[in-house]
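J.: Quick one: structure below, then a few questions.
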Amino acid sequence: MYVDGLKHNLLSISKMCDQGNEVVFRSNGCVIHELGTGKTVIKGTRTPNNLYILKGGQQQCYLTKIDENWLWHRRLGHLRFSQIRKACRLKAFRDLPNISIPENTICKPCQIGKKSRDDFIEKEG
């Protein structure tokens, strides 16, 4: 089903693949096969709105949930959380939710980006 405004994936392709399946998307639909047996698990059709509707098969839910604070941090080019909070107060971006500052604000890409030089390489001998 398509749910306008839904903030979670309805189907995680990576989870399907991790469980021993192969997912193939085509212009008119998609099909999911078991890797070991080649058996078709489920088929889907593509709608004019570019949504893939799955028909039949086992009904399971694989939920991927992302912390919205970190999602907006990445979307805004790794902007500092204090600046994101300021943007929230000023309503600087359309549809920007009220972001809170996480307890641990260490972001690996931010640390690498602020690094001014590489580590020294030790010489042998």
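Computed from the coordinates by the stated procedures, all read-outs in this text should not be read as laboratory data. Just so we're clear, the structure is a prediction, and the values are computed from it rather than from any experiment.
J.: At q = 0.13, 0.16, 0.23 Å⁻¹, what base-10 log of I(q)/I(0) does the Debye formula yield for segment 12-121 when every alpha carbon is treated as an equal point scatterer in vacuo?
T.: -0.78, -0.85, -1.16
J.: Normalised by the empirical 2.2 N^0.38 Å for globular proteins, what value does the Cα Rg of segment 68-114 take? Don't skip to the end; give the middle numbers.
T.: Numbers: Rg = 10.5 Å, N = 47, 2.2 N^0.38 = 9.5 Å.
The value comes to 1.10.
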